[in-house]
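See below for the structure under consideration.
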Amino acid sequence: MPLALVFPPRLTASALMLRDTARLRGLDTVRLTGGEVPEGLRGRSAHLHAGPSFADAVAPVLGIAPLEAPADWLARLPDAFVRREIRAVPIREVYGLRRPAFVKSPNDKSIPALVYADGSRLPGPDAVDPETVVLVSDVVAFDAEYRLYLLDGRIHTGSRYAVSGRLSPAPLSAPARAFGSELLAAAGHTLPSAIVVDVGVTDAGQWAAVEANAAWASGCYASDPERALDVVLRAAGPAAQLKERDRAFVRAVV
């Protein structure tokens, strides 16, 4: 029986591209209608491409181990790779902030990634557990942003995805690849073997890491879909096939 690549009910343009690529490779693609896993799919070797909440619902049932970066990964990078102050703290510590800051959830969208005028504009304790970890950073404008699909410590494929904050897919540039390789040389050991990292050049002309994202929940943009699929399959595959070094990067079910 061929490997199965599981998708949620709603498919993005990237998901459709990966689905078609997987079919050409001979994989069985399965689009679930909801969070329930049919009996016929249980016990099969399966992989996943979906958002975090859907992954939390179906990955444990399917025996899939979704990989993601540590919540504080971006905050622990050296200043030369981020070009701004970044902290990973419980959201309760941010409510008293009295200046604009960019705030987001590290590995999902529970706290929308936005520039907040101050801490009072964040979702309050009636809506969010006060211990929820968020990334808080200085506000930085990026002239161009690029997505890097990383596999075994190397850039496997990638593309530009934005210019001045607006969607603008294009091939990966040589400078973006060079910065990504430099970042990997310094911090690749702090990431799982399959992950997506976004990088960009600021309006001051400095290269910086934007964020890390789970490959199984990321859009491909202009990346090579065959090579992006390689990363997705490793990033959310059978727990029984998990590499030892990746065990520390398995997403905890929320």
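Residues that are of a type in the set (A, V, I, L, M, F, W, C) and farther than 18 Å from Gly200 by Cα within the range 137-163 comprise just one, Leu151. Restricting attention to the range 66-94 and to residues that are more than 22 Å from Ser218 (Cα to Cα) and among the aliphatic types (A, V, I, L, M), the residue that is surrounded by the most Cβ atoms within 10 Å (Cβ to Cβ) turns out to be Ile91.
Beta carbons closer than 6 Å, at least 6 apart along the sequence or on distinct chains, pair a first residue in the range 144-156 that is modelled with pLDDT of 95 or more and β-branched (Val, Ile, Thr) with a second that is assigned to a strand (DSSP E or B) and surrounded by 19 or more Cβ atoms within 10 Å (Cβ to Cβ) for Ile155/Leu148. Checking each residue in the range 212-229 for being within 14 Å of Pro192 (Cα to Cα) and not polar (S, T, N, Q) picks out Ala212, Ala214, Ala215, Trp216. The strands (runs of 3 or more DSSP E) found entirely in the range 47-130 that carry 1 or more residues being within 30 Å of Arg19 (Cβ to Cβ) are 64-66, 101-104. Entry remark, the range 30-57: residues being farther than 15 Å from Asp230 by Cα, touching a Leu at 6+ places or on another chain (Cβ under 9 Å) and surrounded by 15 or more Cβ atoms within 10 Å (Cβ to Cβ) number 9 in total. When the range 15-28 is limited to residues that are buried (at least 18 other Cβ atoms within 10 Å of the Cβ) and not hydrophobic (A, V, I, L, M, F, W, C), the one that is farthest from Pro52 (Cα to Cα) turns out to be Thr21. Pairs meeting the criteria (first residue in the range 41-62 and closer than 15 Å to Arg31 by Cα and of a type in the set (Ser, Thr, Tyr), second residue surrounded by 15 or more Cβ atoms within 10 Å (Cβ to Cβ) and at pLDDT 95 or above, beta carbons under 8 Å, at least 6 apart or on different chains) are lacking. What residue, among those in the range 15-33 that are part of a loop (DSSP other than H, G, I, E, B) and over 22 Å from the mean Cα position of the chain (by Cα), is nearest to Leu5 (Cα to Cα)? Applying the filter and picking the extreme gives Leu27. For the range 95-119, filtered to residues that are among the small types (Gly, Ala, Ser) and under 26 Å from Pro66 (Cα atoms), the residue that is modelled with the lowest pLDDT is Ser110. Looking only at the range 125-147, which residues are under 22 Å from Asp246 (Cβ atoms) and touching a Phe, Trp or Tyr at 6+ places or on another chain (Cβ under 9 Å)? Answer for the range 125-147, where residues must be under 22 Å from Asp246 (Cβ atoms) and touching a Phe, Trp or Tyr at 6+ places or on another chain (Cβ under 9 Å): just Arg147.
One line per residue, one yes/no per condition, for (1) within 23 Å of Lys104 (Cβ to Cβ); (2) of a type in the set (Phe, Trp, Tyr); (3) surrounded by fewer than 16 Cβ atoms within 10 Å (Cβ to Cβ):
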position	(1), (2), (3)
Gly200	yes, no, no
Val210	yes, no, no
Cys220	yes, no, no
Arg227	no, no, no
Val232	yes, no, no
Phe249	yes, yes, no
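Of the residues in the range 159-173, none is farther than 21 Å from Ala217 by Cβ and aromatic (Phe, Trp, Tyr). Annotation: Ala178 fulfils all but one of (1) without any contact (Cβ under 8 Å) to a residue 12 or more places away in the chain; (2) closer than 24 Å to Ala88 by Cα; the unmet one is (2). Each residue in the range 160-187 was checked for being of a type in the set (S, T, N, Q) and modelled with pLDDT under 95, and 0 of them qualify. Take the residues in the range 120-136 that are touching a strand residue (DSSP E or B) at 6+ places or on another chain (Cβ under 8 Å) and without any contact (Cβ under 8 Å) to a residue 60 or more places away in the chain; name whichever of them is nearest to Ala209 (Cα to Cα). Going through the qualifying residues, I end up with Val136. Inspect all residues belonging to the range 33-46 and state whether any of them is of a type in the set (A, V, I, L, M, F, W, C) and either in contact with a Phe, Trp or Tyr (Cβ under 8 Å, 6 or more places away or on another chain) or under 30 Å from Ala208 (Cα atoms) (or both). No, there is no match, as no residue in the range 33-46 is of a type in the set (A, V, I, L, M, F, W, C) and either in contact with a Phe, Trp or Tyr (Cβ under 8 Å, 6 or more places away or on another chain) or under 30 Å from Ala208 (Cα atoms) (or both).
The values are calculated or read from the model by the stated rules, or taken from the named source; none is laboratory data. These figures come from a predicted structure and were not determined experimentally. Here Cβ is always computed from backbone atoms with ideal geometry, including for glycine, and neighbour counts include all displayed protein chains.
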